[in-house]
Amino acid sequence: MSPIKKIIKWLEERINLTEIFSFLSAFGLYYGEIDTRDSIEDALKKANKQELPPYGRWPHILGILTFLLFIFQIITGMLLAFYYQPTLFSAYESTREIIRDISFGWLIFNIHRWGANVLILILIFRIARFFYDQVWKKPRELFWIIGITILIVSIGSFLTGTLLPFDQNSYWSTVRNLEIIEKIPLIASIFNFLIGGFLIEEGTIIRFYFLHIVVFPLLLWILFYLHFSTVRRVGLSEVQLKKMEKVTFYPSHIFSLLTATFIIIFILASLSVFFPFQLMGKADTLKTPSGTGPSWFMLSLVPIIEYIPWGLGGFLILFLILFLFLLPFFGERIFESRTLSKVITFLFVILYLTLSFWGFRIK
C-alpha cells in the first residue's frame, strides 16, 4: 500500500472523508451522487461512472467560472488583509506598501482588482444569456432570482472595495458611484443604512471594509450554495441536448474544470502584468482629478440620472430592478415567443453599450 493510501485509510478511520468531499458538489465543482457510507475510493469509483447531467457538460461549465472567480477573490483578499489598514490615515499608505514593498504584493493586488472586474462582466453576461434562453420560466423562478441577487451583491462588494485603496481615483470614483446610488429610491435607503450616509468619513471606510470582507462574501457564499442547489434540482435549461456520447466526471468534466481554472489564472495574470492599476496619490477631498467617473458598469446609469428630469431617472432604474426580480411571475404571459426574448436581449445590449458610451463621454 502506498504512503498516500495509508494516510487516507488512517484518516477515514477517524473522519468521514466522503462526506467532506461531497461538499464540493454543493458548489458545482463535482457532479455526481456521493454515497457517504462508502470509503472515499469506492464512492469516487461509483460517482465517476455516472453520466453527467446536461448542466454539467461543456459549455455549461462556464457557469462555474463565477464561483471560481469568487474563490480567487476570497484567497487574494485574505492575503491583502494581512497588510491593509482600513483607516483614513493608513489606507493609502498600507496599499502603497503592499504594491511597493511586499513580495508579489503588486501581483496579488492587481489580480484581486482585475478579478472583481471580470466577475461582474461574466455575471452581467450570464443574466443576459439567461434572459435570452428564458431560463426564468417555471420551475426556475428561484434560480433566476438568486442569479439577479448574486449580481447585485457582487456589485455591492465591488463598490465597497473600490474605496479601500483611498487614492485619488478610488476616492472620486466612489463619490461618483454614491451620487448615482443616492438618486435611486429604496436602494439609496438600504445603502444609506449600511454605510451610515453618503459622505465619506472616518467611519465610512471601516464600514466599507467590513461589508467588503465579511458581509458580502458571506452572502455570496450562501447565494452560490442556493444557486447550485437549484441547478441540481431543476436543471439549467429546458433546451434538450442532442444525443451524444456518455460524458462522465473523469476525465471529461475534470478536464473542463482544470481548463477553466488555468484560463482564469492566465487571463488575470496577463491583465495584472500588462495592465496594472496605478495609484494616483493619496485622496484629496478638495481636488477632483479630471476624467474620474463612476465604475464602468455604472456608466450606463449616468445619462438616465442626468437627463431624465424630476428625479424620474432613479425611479426608472428601480423599476428595471424590480422588473427583473418579478419577471418569472408574469414573464410567460408577455414573452410567449422565444424570438421576442432574443430580440429584446439584443436591443438591451445595444442600449446598454450606447448608454455606457454616453455616460463615459459626460462623466
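Quick notes
- Unit charges at the beta carbon, dipole of the chain: most positive-side option, Ile200, Phe319, Thr292: Phe319
- Cα long-axis angle, helix 168-181 against the chain (0 to 90 degrees, to the nearest 10): 90
- Charge dipole (the chain, unit charges on Cβ, about Cα centre) - positive-most of Phe346, Thr66, Ile145: Phe346
- Dipole of the chain [Lys/Arg +1, Asp/Glu -1 at C-beta], most positive-end residue of Tyr209, Phe191, Gly331: Gly331
- Rounded tilt (10° steps) of 254-274 against the dominant C-alpha axis of the chain: 30
- Dipole check for segment 275-363: with +1 at the C-beta of Lys and Arg, -1 at the C-beta of Asp and Glu, and the Cα centre as origin, the magnitude is about 180 Debye.
- Where segment 80-188 is the region considered: accessible area per residue in Å², 1.4 Å probe: 39
- Inter-centroid distance (Cα atoms) of segment 81-139 relative to segment 326-363, Å: 26
- Calculated P(r) of segment 104-181 - Cα pairs past 19 Å, %: 49
- Solvent-accessible area of Tyr307, all protein chains in place: 130 Å² (probe radius 1.4 Å, heavy atoms, ligands and nucleic acids excluded).
- Restraint check, Lys138/Lys342; Lys45/Lys137; Lys49/Lys138; Lys183/Lys342; Lys45/Lys138; Lys46/Lys138, Cα-Cα greater than 24 Å: Lys45/Lys137; Lys49/Lys138; Lys183/Lys342; Lys45/Lys138; Lys46/Lys138
- Average Cα contact separation per residue, the chain, under 8 Å, 6 or more apart, as relative contact order %: 25
- Surface accessible to a 1.4 Å probe, Met280 within the full protein complex, Å²: 100
- C-alpha center-to-center spacing [segment 255-293, segment 161-239] in angstrom: 19
- Figure note: Leu326, Leu159, Leu11 ranked by solvent-accessible area, largest first, 1.4 Å probe, ligands and nucleic acids not counted: Leu326, Leu11, Leu159.
- Sequence of Trp221, Trp114, Trp144 when ordered by accessible area, the most exposed leading, probe 1.4 angstrom: Trp221, Trp114, Trp144
- Cα centre as origin, Lys/Arg/Asp/Glu Cβ charges: the chain dipole, Debye: 880
- Average projection area in nm² (convex hull over Cα atoms of the chain, one quarter of hull surface): 21.9
- Charged-residue dipole, Cβ positions (Lys, Arg, Asp, Glu), segment 50-202 about Cα centre, Debye nearest 20: 680
- Fraction of accessible area attributable to carbon and sulfur, the chain (%, probe 1.4 Å): 69
The values are calculated or read from the model by the stated rules, or taken from the named source; none is laboratory data. Since the model is a prediction, treat every value here as computed from it, not as a measurement. Glycine gets a Cβ as well: all are built from the backbone with ideal geometry, and neighbour counts include every protein chain shown. Ligands, DNA and RNA are excluded from the accessible area calculation, which covers all protein heavy atoms including side chains. Shrake-Rupley method; radii C 1.70, N 1.55, O 1.52, S 1.80 Å.
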